[in-house]
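Enquirer: Starting off with a structure, shown below.
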Amino acid sequence: MGVNEFDAIVVGTGMSGGWAMRVLTEAGLKTLALDRGRMVEHGDYPTEHKQPWDMPWRGGRVHPDVREDYPVQRRYQAFDEYSRHWYIKDTDAPYVEDKPFDWIQPDMVGGKSLMWGRQSYRWSPVDFEANLKDGHGVDWPIRYDDLAPWYDLVERTIGVSGSREGLPQLPDGKFQQPMEMNAAEKLARDRIESTFPGRRVIIGRAAVLTEPLDGRAPCHYCGPCIRGCSTGSFYSTQSSALPAARATGKLTLLSRKLVHSVVYREGRATGVRVIDMESGRFEEYTAKVVFLCASSPGTVRIMLNSKSTEFPEGIANGSGILGHYLLNHHARVGAGGSMEGMEDRYYRGNRPNGIYIPRFRNLESDGPRDFVRGYGLQGGAGRGGWSRGGNMPGFGADFKAGLRVPGEWRIGFQAYGEVLPYFENYMTLDDTLTDKWGMPSARFHVGRFDNELAMRKDMAATAAEMLEAAGAKNVNTYDNAQVAPGNTNHEMGGARMGRDPKTSVLNGWNQCHEIPNLFVTDGACMTSSACQNPSLTYMALTARAAHYAVDQLKIGGLARV
Amino acid sequence: MGVVLAPGTVAAILSGCRPELDTGPGFLTRSEHELVADLAELIIPQTDTPGAREAGVADYIDMLLEHFSGDATRDEVRAQLGELQDWIGDHGAQSIYELGEAQTSRLMLALDQQAFPVAGLVPAGLTGLPGGETPLLRRIKPWTVAGYYTSQMGATMELHQSPFGAYDGDVPMSEVGKTWA
Ligand SMILES: Cc1cc2nc3c(=O)[nH]c(=O)nc-3n(C[C@H](O)[C@H](O)[C@H](O)COP(=O)(O)OP(=O)(O)OC[C@H]3O[C@@H](n4cnc5c(N)ncnc54)[C@H](O)[C@@H]3O)c2cc1C
């Protein structure tokens, strides 16, 4: 094999790319992983455990001179001085918004696996059957049972803490010990569950260890995982997939390589064209199988940019739907309130996890409503800290003494809702705008429609009614509908799976209908969005597809159609 | 190196005429910085733990003004500090503390009530206080609170930080003692 020849190429090293490189290298394939981001080694976390007074600007807002370069990333609430180095510089990688769309993007090896909120929920049979049942979107080519063993594998490997609940709409997984709820959360749970028999309040299922796993230590509860975790207590490419892939001796990982397009010859993907981001020069790498894992819009951008005589509108785009049916979750709607009493209760440690109310709408026991599908609510309770002082009357020794004691308990829920697949939600490449390296920029056309808007009313109302049932006072609802799609970070779709090559890009193995050795296993493959945080599902789909590809390679099955 | 100002010049400086020697390292002049440090200390005074002055809160506020505030905010805060200094001068003092304890707390209560009104608490008879669209303490108070509790003194001496190790979701308050920083 030449230096640029590999068995497999994986584009992107985030949540899905990490799994692809792990499975492919462990199967003995000589694998090249490419990422446009800079290299970050495990432990290379410059703000981990830093105190506010260690930071030039006290760990708060990003300096305006720097913020200027991040007009999109700064729309995300968690973009701050501690985490700014993870986000892409928008001025280097601009894109066009026909309608507002917040594309929050990483700029390092590991991708958003270093930034994620770690909430990890399985999809259920209901989710894989939804399109078929209510007619929105095409039918998924797979069912829950196809994915269940892969969820098992992923959970055991990455480590997910959680409680077993026996819920059909949110199947249990292979969990480590669950984290504990605090006093107010337990009280709220008891009251909500007794008032609303179909609803459950559970501790979040999080890819944060509560038990040791493969040399990774359990969480030490410092709190802000996004700054990086050198004990490897939360799952990231760096803490788990990368060391596993490297240990095989089969991995070549190259950073600062912008994948420009997939090279197509005679029915097959023969490799990728890459821009070396230091020299600006084009390079070509070849392989027997290519996995695209550059995140949903990132992958679709590469595919649309891969033009050939046979595929003038983007590779594997015979259906003409590549870039369409973009999905995300809609959120920033919910309610908050205060809980009286429990002044003698507090907690110790910063739990990087919240509580969760699994979907209860439009299931067998509920509905139909004036919208289809459903939503889950993520929340938590805690006692007021010092910051309440900034908004309080008073001054002097009494004021100071008052803040030495924690404030009242506050509790809140934010809903995350399913977004239906719409042809009208799509991305293309812009005709003129490119990134700093000359690759055409994405152009987004994504909106929300009646189903989401009707659902939002219900989300705010149920959040409030559950808080009332929990005994909360001063309950306020909010609906920040002005926050653009994308801001929930759960971008999906654009190259959906399906049974029919005329209406989908990928088959049930995440394999392009038209190009058997080209796989797409990141969020781009999603046929519907469900309402659960999606990364666990991307990982399970990736593991499944990569095993399939390995098996097919052995029997020569990825040859041309 | 501190610059000693002759009595009487402070008010003049703060009302607009600012000779070179009063410039500070950030946005605030040295005399404005002093006034802010006094205000911050009155909000979070030294008790059994350090107060806002010792914790360097005025420097923090100066940093916010220099790097994070727009011109409108800066102009308003500067004007308000000038008006406050004038008010202090009109009442025969150089600094807030020189007003004497009773007058100082009446002044602070009035400023606090401008910003965070509570029915029935506004002290009567104080006129000529700093005006503006956003009352002075609407800004200075949250800045003071953030500056203090994100300082090492505020976070580790006045409050304490949750130790690394286990998570315990339900602990008696008496075992913890005070707010986690
Ligand atoms: C703050 C935050 C909180 C989140 N919380 C959760 C949560 O609680 N639960 C959950 O399930 N999900 C969560 N997510 C979403 C989660 O991070 C994503 O679903 C997941 O990372 C997507 O995986 P991916 O492999 O598709 O993409 P990524 O992890 O983004 O990886 C894509 C990689 O591809 C690279 N790339 C892109 N384009 C190119 C190119 N042209 N050439 C070369 N490389 C390229 C990128 O640099 C990146 O490294 C969160 C995200 C954020 C930002």
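Enquirer: Restricting attention to the range A:517-535, which residues are open to solvent by 10 Å² or more (accessible area, probe 1.4 Å) and either in contact with a Lys or Arg (Cβ under 7 Å, 6 or more places away or on another chain) or not in a loop (DSSP other than H, G, I, E, B) (or both)? I'd like the intermediate steps shown before the answer.
Expert: If we filter the range A:517-535 for residues that are open to solvent by 10 Å² or more (accessible area, probe 1.4 Å), which is where we start, we get A:533, A:535.
If the condition is that a residue be open to solvent by 10 Å² or more (accessible area, probe 1.4 Å) and either in contact with a Lys or Arg (Cβ under 7 Å, 6 or more places away or on another chain) or not in a loop (DSSP other than H, G, I, E, B) (or both), then A:535 is the only one that fits.
Enquirer: Just to be sure I understand, how many residues within the range B:153-166 are within 24 Å of residue A:54 (Cβ to Cβ), facing another protein chain (nearest Cβ under 7 Å) and free of Cβ contacts under 8 Å to residues at least 12 places away in the same chain?
Expert: Adding up the residues that qualify gives 2.
Enquirer: Let me ask something else about it. Among the residues of the range A:104-137, write down those that are among the hydroxyl-bearing types (Ser, Thr, Tyr) and away from the ligand (no atom under 11 Å from the Cβ). Explain how you work it out, then say what you get.
Expert: Step one: list which residues in the range A:104-137 are among the hydroxyl-bearing types (Ser, Thr, Tyr), which gives A:113, A:120-121, A:124.
Matches in the range A:104-137: A:124 only.
Enquirer: In the list A:264, A:325, which residue meets the criterion of being among the aromatic types (Phe, Trp, Tyr), within 27 Å of the chain's Cα centre (by Cα) and more than 14 Å from the ligand (Cβ to nearest atom)? So that I can check it myself, show each step before the final result.
Expert: Working: A:264 fails: within 27 Å of the chain's Cα centre (by Cα).
Matching residue, one of A:264, A:325: A:325.
Enquirer: I would also like to ask the following. For residue A:451, state whether it is surrounded by fewer than 24 Cβ atoms within 10 Å (Cβ to Cβ) and closer than 24 Å to residue A:99 by Cα.
Expert: Values: surrounded by fewer than 24 Cβ atoms within 10 Å (Cβ to Cβ): yes; closer than 24 Å to residue A:99 by Cα: yes.
Considered against the rule, which asks whether it is surrounded by fewer than 24 Cβ atoms within 10 Å (Cβ to Cβ) and closer than 24 Å to residue A:99 by Cα, residue A:451 comes out as yes.
Enquirer: How many residues does the range A:509-551 hold that are more than 13 Å from the ligand (Cβ to nearest atom) and either at positive phi or without any contact (Cβ under 8 Å) to a residue 24 or more places away in the chain (or both)?
Expert: So the count comes out to 1.
Enquirer: Got a number for residues in the range B:27-52 being within 13 Å of chain A (Cβ to nearest Cβ) and either more than 12 Å from the chain's Cα centre (by Cα) or over 19 Å from residue B:112 (Cα atoms) (or both)?
Expert: First pass over the range B:27-52, keeping only residues within 13 Å of chain A (Cβ to nearest Cβ): B:38-52.
The next check asks that each one be either more than 12 Å from the chain's Cα centre (by Cα) or over 19 Å from residue B:112 (Cα atoms) (or both); those that pass are B:46-50.
Qualifying residue count, the range B:27-52: 5.
Enquirer: Residue under question is residue B:7, and the condition is that it be closer than 23 Å to residue A:60 by Cβ, open to solvent by 30 Å² or more (accessible area, probe 1.4 Å) and at pLDDT below 95; does it hold? Outline the logic, then answer.
Expert: Values: closer than 23 Å to residue A:60 by Cβ: no; open to solvent by 30 Å² or more (accessible area, probe 1.4 Å): yes; at pLDDT below 95: yes.
Judged against the criteria, residue B:7 is not a match.
Enquirer: While we're here: Here's a check for you: in the range A:62-81, which residue that is buried (at least 17 other Cβ atoms within 10 Å of the Cβ) and over 20 Å from the mean Cα position of the chain (by Cα) is nearest to the other protein chains (Cβ to nearest Cβ)?
Expert: A:62
Enquirer: Moving on to the next point. Can you pull out the helices (runs of 4 or more DSSP H) entirely within the range B:82-181 that have at least 3 residues that are open to solvent by 50 Å² or more (accessible area, probe 1.4 Å)?
Expert: Numbers: elements: B:101-115, B:136-149, B:173-176.
Answer list for the range B:82-181: B:101-115.
Enquirer: Which condition does residue A:332 not pass, out of (1) more than 14 Å from the ligand (Cβ to nearest atom); (2) on the phi > 0 side of the Ramachandran plot, if it passes all the others?
Expert: Here residue A:332 meets the rest and fails (1).
Enquirer: Further, regarding this structure: Can you report the number of residues in the range A:466-492 which are surrounded by fewer than 18 Cβ atoms within 10 Å (Cβ to Cβ), part of a helix (DSSP H, G or I) and in contact with a strand residue (DSSP E or B) (Cβ under 9 Å, 6 or more places away or on another chain)?
Expert: 1
Enquirer: Which residue, of A:196, A:175, is modelled with pLDDT of 95 or more, open to solvent by 30 Å² or more (accessible area, probe 1.4 Å), in the same structural domain as residue A:472 (by TED's automatic domain parsing) and farther than 20 Å from residue A:119 by Cβ? Steps first, answer last, please.
Expert: Working: A:175 fails: farther than 20 Å from residue A:119 by Cβ.
Being modelled with pLDDT of 95 or more, open to solvent by 30 Å² or more (accessible area, probe 1.4 Å), in the same structural domain as residue A:472 (by TED's automatic domain parsing) and farther than 20 Å from residue A:119 by Cβ holds for just one of A:196, A:175, which is A:196.
The values are calculated or read from the model by the stated rules, or taken from the named source; none is laboratory data. Everything quoted here is computed from the prediction, not taken from an experiment. We place every Cβ from the backbone using ideal geometry, glycine too, and count neighbours over all the protein chains shown. Side chains are part of the model used for accessible areas, which takes the heavy atoms of the whole protein and leaves out ligands, DNA and RNA. Shrake-Rupley method; radii C 1.70, N 1.55, O 1.52, S 1.80 Å.
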